[in-house]
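See below for the structure under consideration.
The values are calculated or read from the model by the stated rules, or taken from the named source; none is laboratory data. Note that the structure is predicted; figures quoted are calculated from it, not measured. Cβ sites come from the backbone with ideal geometry, for glycine too, and all protein chains shown count toward neighbours. Surface accessibility is based on the protein's heavy atoms, side chains included, excluding ligands, DNA and RNA. Shrake-Rupley method; radii C 1.70, N 1.55, O 1.52, S 1.80 Å.
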Amino acid sequence: MTISRLYLWATAVGVGVVALLYFFLFGDPKTDWVIHGGEPGGNYASGAESLAKVLRKANDWKVQVAGSSGSAENLEALTQGKADLAFVQNDTPGSEDVRGVARLYEEALHILVREGNVTAVADLEGKIISVGQVGGGTEGVAMATFTQLGTTIDFRRESLREGINSLRSGEVDAVCVVTGVGNTVVAEALSGGGLSLLHLSDNLAGALAHSYPFARGTIIPSGAYPVAPGKGLPQHDLPTIAVDVILACRANLDNDDVLKLTKSIHDGRAPMARFHPLFAGISRPPMDGRLQFPLPEGARQHYDRNEPGFLQNWAEPMALLISVLAVAWGVGVTLREFVQQRKKDSLDVYFEQLNAIMGELVKGPSPERVQAISDELHAIRSTTTQKLIIEQLAADESFVIFQGQLHSAQQLTSELFRAHKITN
């Protein structure tokens, strides 16, 4: 095998290894996504549909939207691998199998009561409160709130629509829901008359921050829910508490897929805000310790460098390519040394032949043998020269020494020809 062919073979092996490693390590980009939203008519459901539209248009992905009871169920779906993305309240007990890609919007605690029946939180002592379905995100916030206010209540678990019906029929005394301001189901309930929003303690947020660190104070602005021409509820700004809604993903998603996802979300903020006004506040998840779910590396790359360049995008594949080519070069050098050793071994055979012939020449062979030796020396020279041309022998110091001895042997043969008066 020639040296050039040897290096060509080593390079081909290196490229092949790179291709295989790239396939196994990086694979094909993800194109099928499943998003878990929430109850029909709620912000999670409409928000998930809005996000799906943006992702389909931006990347030509196949995006499926599934409903759920809320944050806890969504978190479980991510953990079990049934969902790729989900809307989750940041106060939902976390999981090491889940990551937070983006902060979508904040959700405020709404407490709906019958007008004239409940005017203060103290009126709910010992009463029955509807807090949403099992698996939703309202119960934890409601429990923390009433505990902080020192109010003992009984919880009833049902959907928001069922809770509002129960409130109107007198089966429950209040409905708690943690949702984005402007929730359509809440708006419908308030516009139907007979219901109002309960005012909480003005200093609740500050007191609650110590026992429930994922919550913060916020305001439901006056008139946020129109109930009649020129009239809206609440009548005045209503202090309450809020938690962030996070777009969460499975922890085992590929970094490149998460990077593309995060870029698509932030590039699509304007159309998403048109679909749903709450999305106007999409941003990086908070990094002040209130984030329940760690930021995935792919999302971090987007936030830390808005538009990664060619070298940043291809740093890992290029590093892999350089490493494999270095290995291939090392293999080539090793093989070259091996072949060179084999060539040396081949030259040793001719050294042995030459030494035997020199021994005969010194002893003085017969005229007939001199002619045979001349033919043998000619054959040796012809063979070794041809092997040198096709790189089966190396033009190194050993070959130079061999050529010198071969020349000496041929000179002795010529002298014997003259001594015996043999015509060559």
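Please work out if Asn117 is in contact with a strand residue (DSSP E or B) (Cβ under 6 Å, 6 or more places away or on another chain) and in contact (Cβ under 8 Å) with a residue 24 or more places away in the chain. Talk me through it step by step, then tell me what you get.
Values: in contact with a strand residue (DSSP E or B) (Cβ under 6 Å, 6 or more places away or on another chain): no; in contact (Cβ under 8 Å) with a residue 24 or more places away in the chain: yes.
No: the conditions fail for Asn117.
Quick one: would you say Val134 is of a type in the set (A, V, I, L, M, F, W, C) and modelled with pLDDT under 95? Walk me through how you get there before you give the answer.
Numbers: of a type in the set (A, V, I, L, M, F, W, C): yes; modelled with pLDDT under 95: yes.
Answer is yes for this residue.
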Practice task
Could you check Glu76 against (1) open to solvent by 50 Å² or more (accessible area, probe 1.4 Å); (2) more than 19 Å from Val186 (Cα to Cα); (3) out of contact with any Cys (no Cβ under 9 Å at 6 or more places or on another chain); (4) not in a helix (DSSP H, G or I) and say which number it fails?
Solution key: (4)
Handout entry: Evaluation of Phe293 against (1) surrounded by fewer than 21 Cβ atoms within 10 Å (Cβ to Cβ); (2) touching a residue at least 40 places away in the same chain (Cβ under 8 Å) (one fails), failing number
Key = (1)
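I need the full set of residues from region 195-213 which are touching a residue at least 24 places away in the same chain (Cβ under 8 Å) and out of contact with any Gly (no Cβ under 9 Å at 6 or more places or on another chain), in order please. Walk me through it before giving the result.
Within region 195-213, the subset touching a residue at least 24 places away in the same chain (Cβ under 8 Å) is 195-202, 204-205, 207-208, 211-213.
Result: Leu195, Leu197, Leu198, His199, Leu200, Ser201, Asp202, Ala207, Ser211.
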Handout entry: Tally of residues being open to solvent by less than 50 Å² (accessible area, probe 1.4 Å), over 26 Å from Ala299 (Cβ atoms), β-branched (Val, Ile, Thr) and not in a strand (DSSP E or B) across region 91-147
Key = 5
Practice task
Determine, yes or no, whether Gly332 is at pLDDT below 80, open to solvent by less than 50 Å² (accessible area, probe 1.4 Å), out of contact with any Cys (no Cβ under 9 Å at 6 or more places or on another chain) and of a type outside the set (Val, Ile, Thr).
Solution key: yes
Practice task
Could you tell me whether any residue of region 50-65 is closer than 22 Å to Thr184 by Cα, modelled with pLDDT under 90 and crowded, with 18+ Cβ neighbours inside 10 Å?
Solution key: no
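Scan region 383-407 residue by residue and report those that are of a type outside the set (A, V, I, L, M, F, W, C) and either open to solvent by 50 Å² or more (accessible area, probe 1.4 Å) or in contact with a Pro (Cβ under 6 Å, 6 or more places away or on another chain) (or both). Reasoning before the result, please.
So in region 383-407, the residues of a type outside the set (A, V, I, L, M, F, W, C) come out as 383-387, 391-392, 396-398, 403-405, 407.
Once the filter is applied, which keeps residues that are of a type outside the set (A, V, I, L, M, F, W, C) and either open to solvent by 50 Å² or more (accessible area, probe 1.4 Å) or in contact with a Pro (Cβ under 6 Å, 6 or more places away or on another chain) (or both), region 383-407 yields Thr383, Thr385, Gln386, Lys387, Glu391, Gln392, Asp396, Glu397, Gln405, His407.
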Handout entry: Residue count for region 225-238, restricted to those that are closer than 21 Å to Gly116 by Cβ, open to solvent by 20 Å² or more (accessible area, probe 1.4 Å) and part of a loop (DSSP other than H, G, I, E, B)
Key = 2
Problem - Residues located in region 26-48, provided they are touching a residue at least 40 places away in the same chain (Cβ under 8 Å) and in a helix (DSSP H, G or I) - result: Phe26, Asn43, Tyr44, Ser46, Gly47
Fill in the blank from the handout: Contact list, first residue from region 361-382 and surrounded by 12 or more Cβ atoms within 10 Å (Cβ to Cβ), second anywhere and hydrophobic (A, V, I, L, M, F, W, C) and outside any helix (DSSP H, G or I), beta-carbon distance below 6 Å, six or more apart or interchain, is Pro367/Ile422
Problem - Whichever residue in region 170-214 is of a type in the set (Ser, Thr, Tyr), farther than 14 Å from Val113 by Cβ and not in a loop (DSSP other than H, G, I, E, B) and, among such residues, is least open to solvent (accessible area, probe 1.4 Å) - result: Thr179
Handout entry: Test: Tyr44 is modelled with pLDDT under 95 and surrounded by 17 or more Cβ atoms within 10 Å (Cβ to Cβ)
Key = yes
